[in-house]
Amino acid sequence: SKHCVKLDNRTANVTVKPFELDMGFQFELHVTVSGKKINVSEIPELSISKDWMRDKLELHFYKTEQAAGGGEIENVTYNKGAGTAVITFLKPG
């Protein structure tokens, strides 16, 4: 757990200590399906950026292609304040 690190012309002795990352989130989504678009509501407000939540939504609905009719995503419109999103697919399904 102890290391010696050389920085420029100096040497620093450092100690490695474990820490926990708060990255796991679990929440329930309410979804309305209509052709190419899915309206998602009641998305809880989390301490992550809008871009990160948009990416998570896109990945979730893209990954459900084999299981529940997801597919390639054309657009994700996420409204953090309202806790809603509209997922638009490239193809209806």
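Using Cα positions and a limit of under 24 Å, work out the lysines in reach of K50, with same-chain residues fewer than 8 apart set aside. Qualifying lysines at Cα under 24 Å: K36, K37, K63, K80. For segment 37-89, the solvent-accessible area with a 1.4 angstrom probe is 60 square angstrom per residue. For segment 37-89, the fraction of 1.4 Å probe accessible surface lying on carbon and sulfur atoms is 45 percent. For K80, nonlocal amide neighbours, meaning residues 5 or more places apart or on other chains whose placed amide H falls under 5 Å from its own, do not occur. Scanning residues 5 or more positions from N75 or on other chains, those with amide H under 5 Å from its amide H are T88, with H placed 1.01 Å from N in the peptide plane. Candidates I43, N75, F89 compared by Cα position along the dipole of segment 37-89: farthest toward the positive end lies I43, with charges placed on Cβ.
The values are calculated or read from the model by the stated rules, or taken from the named source; none is laboratory data. The shown structure was predicted, so the numbers you read here are calculated from the model rather than taken from an experiment. Reconstructed Cβ throughout: ideal geometry from the backbone, glycine too, with neighbour counts over all protein chains shown. These accessible areas exclude ligands, DNA and RNA; they are computed on the full protein's heavy atoms, side chains included. Shrake-Rupley method; radii C 1.70, N 1.55, O 1.52, S 1.80 Å.
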